[in-house]
Amino acid sequence: MTRILNDSGRLKLILPEGILDVANASNGRFSHDPQAIFEDWDDFQEWAQSGSKSADATAPESARILSPVPRPRQIVGVGLNYHTHIHHSGLKTPTEPGVFAKFLTSLAGPHADILLPSETVFTEAEAAVVIKREAYFINEDQALDHVAGVTVAQDLYDRTAIVNIPKLDGSGGATYLNPSKSLATFTPLGPEVVSLEAAGDLGSLAIELDFNDTAIQRGNTSDLVFAIPELIARLSRRLRLLPGDVILTGSPARIEGTEGIALRPGDLIRASVAGLGTQLQVARPAETARLAS
């Protein structure tokens, strides 16, 4: 059972009593770079689980914990992948996953401030999977052989930043989600990447999202339209998935009555997936970051 985190840019193995610097403990066999480990995940996991290992430090303070996947080549979001979400949206159940891309610069750590460029920023909690080997035209029963582990994610979007281009007669035309889903801090990941055997049943992960201790989402991956193995297989027939890529697997519906609640400066956000960890963040005006830079 393997759990890793990104401690200020260094890969650390999580042990019961603390953390272990992977590059130092392996005498350089594995890089200190958290992104590099996904290219060599199977060998790393074998090393991590072999012999006795002792922590060389205590768990880091939250400010030091960065995204455990710092530079994925692709961040793939999946929309409307929960039956309850589809039902609440009044839509038909899809026959293929609807996907969108999120840009690398939207990544944030699990405890970084969320920057709000407007009053129309919303967020959703999700389980995300990290790829360990290229997946292209694979079958469902092969899918998990291509997965390193699972982590917690949020998918934020700013409704004001969605670009709508109407037809000449004013009727509906083209809609572009980006950059509304890829603004700075709009893809928090972590705190950990948890290997599959440590994560347990991917078809039964509880997902929660709270604002200021108010419940916003309560869901479970048992409600997925495309379960994680099927989702990966279907995506692989359209996309060439690469080691270190991240797939956000979709978001449960919000609790009735909370659908219109946008983030406000000062909000405390808690996003968690059972067994994978918890993100705790504070929402701040985007102007605060610009003034501080």
- Kindly indicate the residue of the stretch 199-248 that is among the hydroxyl-bearing types (Ser, Thr, Tyr) and out of contact with any Phe, Trp or Tyr (no Cβ under 8 Å at 6 or more places or on another chain) and also farthest from Asp42 (Cα to Cα) among those meeting that condition. Thr214
- Task: Inspect the stretch 63-78 for any residue being under 23 Å from the mean Cα position of the chain (by Cα) and more than 30 Å from Val99 (Cα to Cα) and give the result as yes or no.
- Result: yes
- Item | Condition check for Pro229: farther than 17 Å from Lys132 by Cβ, at pLDDT 95 or above and not charged (D, E, K, R) | no
- Message: Can you tell me which condition Gly257 does not meet? The list is (1) touching a helix residue (DSSP H, G or I) at 6+ places or on another chain (Cβ under 9 Å); (2) assigned to a loop (DSSP other than H, G, I, E, B), and all the others hold.
- Response: (1)
- Across the stretch 148-189, the tally of residues that are more than 25 Å from Ala36 (Cα to Cα), buried (at least 17 other Cβ atoms within 10 Å of the Cβ) and of a type in the set (Gly, Ala, Ser) stands at 2
- Inside the stretch 97-126, can you point out the residues that are under 29 Å from Asp43 (Cα atoms) and either outside the structural domain of Ile216 (by TED's automatic domain parsing) or touching a helix residue (DSSP H, G or I) at 6+ places or on another chain (Cβ under 6 Å) (or both)? none
- Which residues, taken from the stretch 84-108, are in contact with a Leu (Cβ under 8 Å, 6 or more places away or on another chain) and within 18 Å of Phe226 (Cα to Cα)? Ile86, Ser89, Leu91, Pro94, Pro97, Gly98, Val99, Phe100
- Item | Among (1) surrounded by fewer than 23 Cβ atoms within 10 Å (Cβ to Cβ); (2) in contact (Cβ under 8 Å) with a residue 40 or more places away in the chain; (3) acidic (Asp, Glu), the one test that Asp145 misses | (2)
- Message: For Ile131, only one of the following conditions fails: (1) of a type in the set (A, V, I, L, M, F, W, C); (2) farther than 25 Å from Thr84 by Cβ; (3) at pLDDT below 95. What is its number?
- Response: (3)
- Note on the structure: Of the residues in the stretch 234-254, those that are over 19 Å from His83 (Cβ atoms), small (Gly, Ala, Ser) and assigned to a loop (DSSP other than H, G, I, E, B) come to Gly244
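The values are calculated or read from the model by the stated rules, or taken from the named source; none is laboratory data. Just so you know, these numbers come straight off a predicted model, no measurement behind them. Cβ sites come from the backbone with ideal geometry, for glycine too, and all protein chains shown count toward neighbours.
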